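The values are calculated or read from the model by the stated rules, or taken from the named source; none is laboratory data. Values in this document were obtained by computation on a predicted structure and should not be read as measured data. Note: ideal-geometry Cβ built from the backbone for every residue, glycine included; neighbour counts use all protein chains shown.
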Amino acid sequence: MAAAAVLRDRPSERAIDAMRELLAPEGAALDLAALRITVACVLSFSTSIASAPQWASLPVAARTLPLGVGWLAPHLPIDPDTVSTARVVFHLACALGAIGLFTRASWMVVTLSAFFLLLVPQLGGAVFHDHHLLWLAVILAASPCGDALSIDAWLARRRGAPRPDRARTHGLAVRLAWIVIGLVFFFPGVHKLAEQGLGWALSDNLRNQMWWKWTQDPSLLPALRIDRHPWALHTLGLLTIAFELSFLPLVLAPRTRAIAVLGACVFHAGTQYFMGIEFSVLWATYPMFVPWQALLDRARRLRGPGPVPIHAARRDQRRSQDPALRVLVATSVPLFVGIVIFGAMGAMQAYPFACYPTFQWAAPDHMPALELVAIDDEGREHTIERASFQEPGPRGWAMSWRLAGVYGRFDAAAFGAWLSDRSREPPLRDALVGARAIRVARVEIDVDPDGARDVVSRRVLTTMERRGEVWDVEE
C-alpha cells in the first residue's frame, strides 16, 4: 500500500495525471453536444459544399490535384450529377447528426461525404482552407456526441438506460476540437518566424500584404488607412505572430481561455476589415469554447435551491465510456499526425491535411496577374478585361494564379482545356468574337492603392489559336 502511494507520488506519475486532466478531463455531454450541433450547422452552410457541383464541371484536363489525393482523385466519380447526389446525402446525414438520430452512423456518413464534397473545389488549382470542418467531423464520428441534446439520448432514457452526463470521452473530444483550432493558428505563426523572423512584422511586408488584397478587391480599401502609419502596422504584425503562437496554450488553460477566444475574435475582425479575409467558416465554430454545462448549472443555482434535473453518471456508466475513449484516441492519433506533418511542412496546397495560409513570404509592392490579349485575323490586338475571364474575389484570383503558373509551372494543356470551356460562356465568349488567337502572359502589377496600378513587368507564356470551339497552343 505504502509502496503504491510512493509510486503515485513520483514526478512522472504526477505529470501524467496533470496531462490527463489537461487533455481529457471529465467533460459534460452537453458541451460535446453543442460542438456537434455547431459543426453540423457550419458544414451545412459551407460555400465549398454549395459550389461543389459547379467545380465538378471543370474539365478533367484543367484540374489540379492537391498534395495528398493525387493517387485517389482520378478514381473518384467527380461529375455534377454524382456530386449533387452526394450533396443530398450529406445534407440528410448532417440534419440527422445535428438532431442526434443514429448519431454515430450519421456522423460517419457526414465525414465520408464531406471528404468527397470538400475535395471537389480544391481541384481548381487553389486550395480553400476549410479542412478543419472535416477534422472536426472525424472527431465527432469517433465520439459519443449523441449523449445529450439528441433523439438518441431521449430514446435511451425512455428505455431506462440514461446516457452519462459527464465522462472523460466528452472532455477529450472537446479538447481535441480546441487543439484543431489551435494548430490552425500555430503553424502559420511558426512559418512566419522561420521565413522572415521579426522582419515579417517590422518591414513593409504587412503593408504590401494589405495592398495585394486591396488590389484584388478595391472595395476593401478601408476608411482607416493604417498602411500610412508604419508604427501601427509593425505593432499589428507583432501582435499577429504573438497571437498565432500563443492561442493553443492559452485556450487550454482555464484562466486564459476567454482571453484566447477574445483575441481570436479581434484577430478575425481585424483581418476582415483590413484585408477582406472573412473566414466565417472558422470563427462560426467558436461556440465550442463556451462552457454550456457550467453556465446552465450556474443559472440553476441562481434560481434557488431545488433538485437539479440532471442524471448523475453512475460508476458503471463511466466504465462503459472506456471503449468509447479508446476509439476516440485510436481515431485521433492518425488525424493529428497528419495535421502536424502537413502543418510543419507548410503544405498549403494539400488535402485532406494542409497548413492554413501562412502569409509567410515577403510581399513586394507588385503582384502577379493573368493577362489575355485577343488577336484578330488582321493582327490587331486588344487586352481582354480581367472581369471577362476571372471571377471576383479570392477564388477568382487564386484560379488565375494557378493558370498563370504562380503556384508551380505553367501548364499549357491545362490552360487550353480551361480556356476552351470558359470561352463557350459569356462574357469571355463575347470578348473573343473575331479573335483567331490569344496571347497569354503573366504580368506583375503595381499594388500601391495611391498609384496607377500599372503593369511593371510582363512574361509571355504561350499563344493559343482557335480551332473551332477549342483553343490550342499555336504551332
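Which condition breaks for residue 101 when tested against (1) closer than 25 Å to residue 185 by Cβ; (2) outside any helix (DSSP H, G or I); (3) modelled with pLDDT of 95 or more?
(1)
Kindly indicate the residue of region 384-396 that is assigned to a helix (DSSP H, G or I) and modelled with pLDDT of 90 or more and also surrounded by the fewest Cβ atoms within 10 Å (Cβ to Cβ) among those meeting that condition.
Filtering region 384-396 for residues that are assigned to a helix (DSSP H, G or I) and modelled with pLDDT of 90 or more, the one surrounded by the fewest Cβ atoms within 10 Å (Cβ to Cβ) comes out as 387.
Could you say which residue among 423, 457 is buried (at least 17 other Cβ atoms within 10 Å of the Cβ) and either in contact (Cβ under 8 Å) with a residue 24 or more places away in the chain or assigned by TED's automatic domain parsing to the domain that holds residue 279 (or both)?
Sole residue among the options that is buried (at least 17 other Cβ atoms within 10 Å of the Cβ) and either in contact (Cβ under 8 Å) with a residue 24 or more places away in the chain or assigned by TED's automatic domain parsing to the domain that holds residue 279 (or both): 423.
Write out, first by first residue and then by second, each pair whose Cβ atoms fall under 7 Å of each other, whose residues are 6+ apart or on separate chains, and whose first residue, in region 271-294, is free of Cβ contacts under 8 Å to residues at least 24 places away in the same chain while the second is assigned to a loop (DSSP other than H, G, I, E, B) and surrounded by 15 or more Cβ atoms within 10 Å (Cβ to Cβ).
These pairs meet every condition: 271/277.
So how many residues does region 335-349 have that are surrounded by 18 or more Cβ atoms within 10 Å (Cβ to Cβ), β-branched (Val, Ile, Thr) and farther than 15 Å from residue 127 by Cβ?
Count: 0.
Any idea which of 418, 401, 361 is under 30 Å from residue 71 (Cα atoms), in contact with an Asp or Glu (Cβ under 8 Å, 6 or more places away or on another chain) and either touching a residue at least 12 places away in the same chain (Cβ under 8 Å) or in the same structural domain as residue 436 (by TED's automatic domain parsing) (or both)? Show your work before the answer.
On the way: 418 fails: in contact with an Asp or Glu (Cβ under 8 Å, 6 or more places away or on another chain); 401 fails: in contact with an Asp or Glu (Cβ under 8 Å, 6 or more places away or on another chain).
Result: 361 is the single residue among 418, 401, 361 that is under 30 Å from residue 71 (Cα atoms), in contact with an Asp or Glu (Cβ under 8 Å, 6 or more places away or on another chain) and either touching a residue at least 12 places away in the same chain (Cβ under 8 Å) or in the same structural domain as residue 436 (by TED's automatic domain parsing) (or both).
Do we find that residue 380 is surrounded by fewer than 21 Cβ atoms within 10 Å (Cβ to Cβ), of a type in the set (Lys, Arg) and over 16 Å from residue 217 (Cβ atoms) in this structure?
It is true that residue 380 is surrounded by fewer than 21 Cβ atoms within 10 Å (Cβ to Cβ), of a type in the set (Lys, Arg) and over 16 Å from residue 217 (Cβ atoms).
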